[in-house]
Structures are given as structure tokens and as C-alpha cells.
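Below is one structure, written out as C-alpha cells; the observations come after it.
The values are calculated or read from the model by the stated rules, or taken from the named source; none is laboratory data. These numbers were taken from a predicted model, which means no experiment stands behind them. So basically every Cβ, Gly included, is an ideal-geometry build from the backbone, and we count neighbours across all protein chains shown. These area figures cover heavy atoms from the full protein model, side chains too; ligands, DNA and RNA do not enter into them. Shrake-Rupley method; radii C 1.70, N 1.55, O 1.52, S 1.80 Å.
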Amino acid sequence: MISSIRRHLAWKIFISYLVVILISTIVLATTAEFVVPRSFDRHLAAMGSMMVNMMGSSSMGFDLDLDLFTNFRAAVNEALTIAALAAVASAIVVSIFVSRQVVTPIREMMIASRYIAAGHYNERVHVPGDLTKNELDELSQLALSFNQMAEKLEQVEMMRRQLIGDVSHELRTPLTTIKGSMEGLMDGILPENDETYMGIYREADRLQRLVNDLQELSRVEAGAYELEPNPIDLLGLILAVVKRLEQQFKEKDVILEVDIPAKFPPIQADGDRIEQVLINLVGNALQHTPSGGRVKVSAKQQSGEIQITVSDTGIGISAEHTENIFTRFYRVEKSRARTGGGSGTGLTIAKYLVEAHGGRIWVESAGHELGSAFTFSLPNADKS
Ligand SMILES: Nc1ncnc2c1ncn2[C@@H]1O[C@H](COP(=O)(O)OP(=O)(O)O)[C@@H](O)[C@H]1O
Ligand SMILES: [Mg+2]
């Protein structure tokens, strides 16, 4: 009961009304007790002297009745006036107390929201009440949501700044190389041969890939695409991906194998998107596995979901990086000299796509040089 009162503003306001009514009733009862007899006596005494003056009058009995009634009314009015004054006084006190409880947090939130609108995202308001006892009323909950909103805004703002920083950094590298080469060519320091042109072309190509990746990332992050889930044949999809990348594996002398049970239930997913995820994972595996290694794509059913794993015998990922590997622009090899490397958005996109399907994606690696295994799960078709 008490905690229910603490949690509801309506209860608090209702109780404040009750307090005013209670105080005025008590005052009315007490004044009636004390004031009425006294004022009654007073009026009766006044009447007594009047009676002496009017002795012998025949209409005396009637006058007495009338006066008694008038006196009684005057006495009650006196008591009522005192009670009304007490009610007004207690109403003022109670409403000051209640409105302070209501208005103070609202005013605080109003000021804080202006601050936030002006770009001070670190502003927070005080949450009245005890958080741990779950005794927050509507206003405290509003203050709590307000703080959560402010925190989210602060995070978004931080990510936005980070993104701009990262993107400009990523764009600068190829641009610097292209500009340097062009200057070298103009000054006659660099020879005008295929190698120079190829170098410039590669950097321009990298720039273009980066812009494409960014566009794709922003589309996926904003959810600006439609998932079209259909029953898909996973084995067929994996074989199609394998066929697409076969040549590259041959060129690098890495073995690509597939291990899927022959009888596999059709899954409910957007084929194109899952293919995109697979190409990302298999492409990464190829990129990080030296010649002579092997990459395996396998799938199994596990506790109500389907798990697809791409494992390799490549350079592996040490524990400190596995946390961040799905963060955009994150690359273990930060080296600027990388040629084949991407922009660090492939796994981020894969994560978004898998999560859009209601699945998860994670990586396991025994450590550096010990290979790694990326697994993503998809909910079973019959469950969705
Ligand atoms: N199979 C793998 N083995 C080792 N490291 C990997 C593997 N796949 C991804 N990584 C690491 O994760 C980083 C992020 O991958 P990704 O998001 O695909 O970006 P990108 O391939 O564009 O660099 C890579 O730069 C690499 O350091
Ligand atoms: Mg990649």
C-alpha cells in the first residue's frame, strides 16, 4: 500500500486533498465544540437583558423562538468561518509542499532539455526517490527516462564525431598517395611507366571501394533496406559462394571445403543478404590465410537454430581484438601498406545483416597464428 502510494502521483495528490479535508473537519468539530456554546451563551445573555426590558409583552414567546434561531445561526457561522480559514491555510501549506514536489523536477528537466538542445549532452537531472527500492513515481520515472535519453544522445553524438574522424582518416591515406604520385610524375621524379600508373590506379580503386563500403554501411546501419525472407536452400547458397571464390582460392593455393549434412532443412532468410555475409566471411578467411592453408564452411543445427561456421587455418585473432572486430573500421592490421585490405566494415555489415534476421555472429580463435572460426546463427524456419 505504502509503496503503491510512493509510486503513483495520483495517490499523492489525492492524499493531499484528504489532508486538507481532514484538517478542516477537525477544526470545524473543535470550533463547534468550543465556539458554539460560548457564542450561544453570549447571545443568550444579550437576549436575557432584552427580555427584562420587554416584560409584559404578549408576543414574547414568539420573539424568543426567533432570537434563539438567529443566535444559533450566528454561532454556527462563526464556527464555519474559523474552519474555512483553517482549510484555506492548510490548503496553502499542502499545495506548496505538493507543487514543490511536482514542479521542481519538471523545472529541472525543462532547464536540462534546453541545455541538451544547446549541445551540452552531458547534462543529467536528479532522480527523486529511491531507485533500488523500486519506489519511483511517474515523475521520477520521467526523470530516469530523461537521463537515459540524454545518455543515448551523448552516445550518438560521440559516434558521429568518431565516424567523421575515421572517415576522413581513411580517405586521407589513398588521397595522399595519389597526390604524392602525381607530384612525383609532374616533377619528373617518378618514372612514367605502368608501375606508377598502376599504383595510382590501385589507390583510386581503394578510394572507390571505401566509398562503396561506406554507402553500404550507412544503408545497413540506417536499416534502409528490405529483408525478403524466403525458404532458402543453404547448401545451394554455400556452393554458389564457393564457386564464385574458387578461382581466388586456387590462385592463393588455399583449400576451400564444405561440410554440410546432406539432409538439411530449408531455412527462412533473405538469400542475397546471407550470401553477402558468407562472401564477407569466406573472403576474410582467404585474405588472412597463407598459402597451403585451408578454409572450411560448415553448418549444423543446434538448439533451435542453424549455425554456419567459416573456419580457417590462418593468422588467427588474439583475444584482445575479438571484442572489437565487429566494430566499424576496426582492423587488427593497421598498416597503411596493406594492399588487399578492406575498410574494416565487412564484419560490421555482416553483424547488422545477421541480427536483422534475428541471429547472432561471433568469433572464436585460439590466438595468433592458430586460425579463427566465425559463426553466425539463424533462427529455425519452423519457429518463425
Ligand atoms: N578470418 C580472419 N582471420 C584473422 N583476422 C580476421 C579474419 N577476418 C577478419 N579479421 C580481422 O578483422 C578485421 C575486420 O574485418 P572486416 O570487418 O571484414 O574488415 P576488412 O576485411 O575490410 O579489413 C580485419 O581487418 C582483420 O584484422
Ligand atoms: Mg573483410
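General remarks:
- If the condition is being within 13 Å of ligand 2 (Cβ to nearest atom) and open to solvent by 40 Å² or more (accessible area, probe 1.4 Å), then region 343-378 contributes only LYS351.
- Top-ranked residue of region 183-196 - restricted to ones that are touching a helix residue (DSSP H, G or I) at 6+ places or on another chain (Cβ under 7 Å) and assigned to a helix (DSSP H, G or I), ranked as nearest to ARG206 (Cα to Cα): THR196
- Some residue of region 323-341 being within 15 Å of ligand 2 (Cβ to nearest atom), modelled with pLDDT of 90 or more and open to solvent by 30 Å² or more (accessible area, probe 1.4 Å): no
- Cβ-Cβ distances below 8 Å connect the following pairs, each with a first residue in region 184-199 that is without any contact (Cβ under 8 Å) to a residue 24 or more places away in the chain, a second residue that is polar (S, T, N, Q), and a separation of six or more residues or different chains: GLY184/THR196; LEU185/THR196; LEU190/SER181; LEU190/THR196; THR196/SER181; GLY199/THR177; GLY199/SER181.
- Checked against (1) more than 31 Å from the chain's Cα centre (by Cα); (2) at pLDDT 95 or above, LYS300 passes all but a single condition, namely (2).
- Test result for LEU153, assigned to a helix (DSSP H, G or I), farther than 30 Å from GLY358 by Cβ and among the aliphatic types (A, V, I, L, M): no
- Note on region 360-384: residues that are modelled with pLDDT of 95 or more, over 26 Å from the mean Cα position of the chain (by Cα) and hydrophobic (A, V, I, L, M, F, W, C) total 2.
- Any hit, region 215-235, residues being more than 22 Å from ILE349 (Cα to Cα), touching a residue at least 12 places away in the same chain (Cβ under 8 Å) and either of a type in the set (Val, Ile, Thr) or within 12 Å of ligand 1 (Cβ to nearest atom) (or both): no
- Restricting region 300-319 to residues that are open to solvent by less than 20 Å² (accessible area, probe 1.4 Å) and among the aliphatic types (A, V, I, L, M), the residue that is farthest from ligand 2 (Cβ to nearest atom): ILE306
- Filtered residues of region 93-150 (kept if open to solvent by 70 Å² or more (accessible area, probe 1.4 Å), within 21 Å of ILE5 (Cα to Cα) and not in a helix (DSSP H, G or I)): HIS126, LEU131, THR132, LYS133, ASN134
- The set of residues in region 267-299 that are among the hydrophobic types (A, V, I, L, M, F, W, C) and within 20 Å of GLN248 (Cα to Cα) comprises VAL277, LEU278, ILE279, LEU281, VAL282, ALA285, LEU286, VAL295, VAL297.
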